[in-house]
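Heads up: the structure comes next, in structure tokens.
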Amino acid sequence: ILNVEQSPQSLHVQEGDSTNFTCSFPSSNFYALHWYRWETAKSPEALFVMTLNGDEKKKGRISATLNTKEGYSYLYIKGSQPEDSATYLCAFTGTASKLTFGTGTRLQVTL
Amino acid sequence: DTAVSQTPKYLVTQMGNDKSIKCEQNLGHDTMYWYKQDSKKFLKIMFSYNNKELIINETVPNRFSPKSPDKAHLNLHINSLELGDSAVYFCASSQRDRNIQYFGAGTRLSVL
């Protein structure tokens with residue numbers, strides 16, 4: 001059984017705050033680490049796919065880093081806005097060709 | 001145009017019935033998936049097909065049978081529905097297995 005864990009489970013920040021969450025995953029048989037953004041009543045949307053140790057990806061105010069040797073990835077949001085409110089999922093894929101999702105971090109940004 | 005579309009969006013049915021959920025993608029992807037979102041909101045892979053061939057089959061009751069008539073479609077047929085089958089089912093596709101996945105809007109199945 002693969003364990004993909006995310007922390008915190010939920011987070012409540014004020015508009016303008018910067019925040020970050022953690023995804024930890026098995027460090028063996030690593031192929032890729034995905035981050036998805038999932039708004040309520042919608043479907044998950046891909047943010048990043050990272051494959052190399054030390055990878056950093058950025059999309060607007062959101063960025064992510066990857067450490068495959070120790071098995072963790074961080075997602076950062078700079079200057080949070082109410083529209084950033086969503087559940088952020090990470091997913092690990094190894095040699096088995098399937099994505100194993102974490103349980104997500106639920107972010108709520110208030111004015 | 002919706003890239004990955006699932007029908008129906010809602011499905012309410014009685015225990016013991018047989019039902020199907022359809023999924024179509026117009027992205028030209030090779031690989032399609034079915035996920036179940038469980039009661040803890042956790043997304044779990046059920047099946048994956050690559051070019052109409054089954055490549056992932058997780059421990060799912062054999063009442064669930066996926067069918068891929070072509071690489072743009074992956075339908076999920078469920079026989080003898082049980083209360084515990086109530087969940088949201090998501091279809092997804094990707095260019096190859098392990099690449100970014102694009103999800104449908106989900107089908108909320110309620111078994112009464």
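Readers should treat all values here as calculations from the given coordinates under stated rules, not as data from a laboratory. Not measured: the values here are computed from a predicted model. Neighbour counts are summed over all protein chains in view; Cβ atoms, including those assigned to glycine, are modelled from backbone coordinates with ideal geometry.
See the values below:
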item	result
Per-residue HN-Hα couplings for region B:19-35 [Karplus 6.51, -1.76, 1.60; θ = phi - 60°; Hz; x = Gly/Pro]	9, 10, 10, 9, 9, 9, 10, 10, 9, x, 6, 8, 10, 10, 9, 10, 10
Rg/Rh ratio calculated on Cα atoms of region A:15-111 (Kirkwood radius)	0.97
Modelled label reach - A:TYR31, point 7 Å along Cα→Cβ, region A:70-103 residues with backbone N closer than 13 Å	A:92-100
Alpha-carbon centroid distance for the pair region A:41-111 / region B:29-74, whole angstrom	23
Cα-based Rg of chain B normalised by 2.2 N^0.38 Å, two decimals	0.99
In sequence order, calculated HN-Hα J values of region B:72-82 (Karplus, 6.51, -1.76, 1.60; Hz; x Gly/Pro)	8, 10, 9, 9, 10, 9, 10, 8, 6, 4, 10
Square roots of 5 times each gyration tensor eigenvalue, C-alpha, region B:46-112, largest first, Å	22, 14, 10
Quarter of the Cα convex hull surface for the protein assembly as shown, i.e. its orientation-mean projected area (nm²)	12.3
Principal axis dimensions, largest first and in whole angstrom, of region B:30-81 by Cα	31, 23, 16
Of all DSSP beta bridges in the protein assembly as shown, antiparallel share, percent nearest 5	90
Exceeding the 19 Å Cα-Cα cut-off - candidates A:LYS98/B:LYS9; A:LYS57/B:LYS71; A:LYS57/B:LYS36; B:LYS22/B:LYS52	A:LYS98/B:LYS9; A:LYS57/B:LYS71; A:LYS57/B:LYS36
For B:MET46, residues with placed amide H under 5 Å, excluding near neighbours	B:TRP34, B:TYR35, B:LYS36
FRET efficiency, B:ASN17 to A:LYS42 (Cβ-Cβ, R0 22 Å, nearest 0.05)	0.20
Estimated vicinal HN-Hα couplings, Hz - region A:46-58 in sequence order (Karplus 6.51, -1.76, 1.60; Gly, Pro = x)	5, 9, 9, 10, 10, 10, 9, 4, x, 3, 10, 10, 9
